[in-house]
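So the structure is just underneath, and the comments pick up after that.
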Amino acid sequence: MFHTYALIGGMPEIVRNYAENRDLTSLSAIHDSLITSYIEDAEKYAANNTQLQLIRHAIRASFAQAGKRIKYQGFGNSNYGSREMGEALRTLQKALLIYLIHPVTGFTLPVLPDLKKSPRLHVLDTGMLNYFAGIQKEILSSTDLNNVYQGTMIEHLVGQELLASNFDALSTLQFWVREKKTSTAEVDYIYSWNSKLIPIEVKSGTEGKLKSLHLFMENAPHSMAIRFYAGELQITNVITGTGKKYKLLNIPYYLVSQLENYLTWFQKEIDG
């Protein structure tokens, strides 16, 4: 059922059509009309014709770049500069069509996103992303959504669910990076909970492959980490390369919306 949700997304017209007809093939035309409508509605957000063309390009390119880190300069294989494209994308964010997630480099509160580093781009709806990328058949046939679209789709969907559960004015969503000449590391998301910055990875495989997560936890002043994957709910004990021990809560993808409840349970399990 979660795979079906990942495929169709949450746009009201799409959901209504599928609920009535249970026909996945009929949804393509609706997805296409929705994207076309957004492009045509771009004039609502444009002050002049130049900005109109910028915003229309930004909408088209956003679906191709969704779930990935982007650069404003030349965004979507264009000749547009960093400043003008940045303004266009921020306009789309104000219109709630996209969301730009910025990286942080620290390990404690307060969270200070680094606006000089490349953000990750999220679009309004993962179902529309899947239609644009042409990966619907892959989703239905996959036993692990991490194997679809190089893991980009499920990482995007987890981020979308986290954004949906943090709807108050001061809520934000970030990811963590360490960028050095010799090595780079990136944790998919950072979640602020109970005065802690909880790292979240969206990955399959063994705990030993979570190198960026280990690096974050070596510097974190707590011992709690989260991994969303295609397995069953479980807590595992992990030791980093430097010998620090921490607890990893492994949660099935379909329970993302229940993260707050599971964090409370996780803390009680650790304390107990």
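The values are calculated or read from the model by the stated rules, or taken from the named source; none is laboratory data. Since the structure is predicted, the reported quantities are computational estimates derived from the model, not experimental observations. Neighbour counts are summed over all protein chains in view; Cβ atoms, including those assigned to glycine, are modelled from backbone coordinates with ideal geometry.
Worth a mention:
- Enumeration of residues in the range 227-248 that are hydroxyl-bearing (Ser, Thr, Tyr) and out of contact with any Pro (no Cβ under 9 Å at 6 or more places or on another chain): 236, 240, 242, 246
- Residue in the range 82-100 that is touching a residue at least 60 places away in the same chain (Cβ under 8 Å) and outside any strand (DSSP E or B) present: no
- Residue match in the range 19-36 (condition: of a type in the set (S, T, N, Q), touching a residue at least 40 places away in the same chain (Cβ under 8 Å) and surrounded by 13 or more Cβ atoms within 10 Å (Cβ to Cβ)): no
- Residue check, residue 172 assigned to a loop (DSSP other than H, G, I, E, B) and exposed (fewer than 14 other Cβ atoms within 10 Å of the Cβ): no
- Candidate set from the range 215-247 (those that are within 20 Å of the chain's Cα centre (by Cα) and part of a strand (DSSP E or B)); member that is surrounded by the most Cβ atoms within 10 Å (Cβ to Cβ): 228
Here's the yes/no breakdown for (1) closer than 17 Å to residue 159 by Cα; (2) hydrophobic (A, V, I, L, M, F, W, C); (3) buried (at least 19 other Cβ atoms within 10 Å of the Cβ); (4) in contact with a strand residue (DSSP E or B) (Cβ under 9 Å, 6 or more places away or on another chain):
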position	(1), (2), (3), (4)
66	yes, yes, yes, yes
73	no, no, no, no
84	no, no, no, no
87	no, no, no, no
107	no, yes, no, yes
121	yes, yes, yes, yes
125	yes, no, yes, no
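- Residues that are surrounded by 12 or more Cβ atoms within 10 Å (Cβ to Cβ) and either among the basic types (Lys, Arg) or modelled with pLDDT under 90 (or both) within the range 175-204 comprise 178, 179, 196, 203, 204, listed in sequence order.
Conditions tested, residue by residue: (1) within 30 Å of residue 217 (Cα to Cα); (2) of a type outside the set (Ser, Thr, Tyr).
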{"position": "72", "(1), (2)": "no, no"}
{"position": "86", "(1), (2)": "no, yes"}
{"position": "92", "(1), (2)": "no, yes"}
{"position": "95", "(1), (2)": "no, yes"}
{"position": "104", "(1), (2)": "yes, yes"}
{"position": "107", "(1), (2)": "yes, yes"}
{"position": "118", "(1), (2)": "yes, no"}
{"position": "121", "(1), (2)": "yes, yes"}
{"position": "127", "(1), (2)": "no, yes"}
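- Flag for residue 138 being assigned to a helix (DSSP H, G or I), over 17 Å from the mean Cα position of the chain (by Cα) and either farther than 17 Å from residue 205 by Cα or modelled with pLDDT under 95 (or both): yes
- Residue within the range 112-122 that is in contact (Cβ under 8 Å) with a residue 12 or more places away in the chain, more than 16 Å from residue 63 (Cα to Cα), among the small types (Gly, Ala, Ser) and touching a Pro at 6+ places or on another chain (Cβ under 8 Å) present: yes
- Looking only at the range 199-214, residues that are outside any helix (DSSP H, G or I) and farther than 16 Å from residue 105 by Cβ come to 8 in all.
- Some residue of the range 138-161 being farther than 30 Å from residue 217 by Cα and hydroxyl-bearing (Ser, Thr, Tyr): yes
- Matching residues, the range 197-220, being touching a strand residue (DSSP E or B) at 6+ places or on another chain (Cβ under 8 Å) and touching a residue at least 40 places away in the same chain (Cβ under 8 Å): 197, 198, 200, 202, 203, 204, 207, 216, 220
- Among the residues of the range 3-41, those that are β-branched (Val, Ile, Thr) and within 24 Å of the chain's Cα centre (by Cα) comprise 4, 8, 14, 15, 30, 35, 36, 39.
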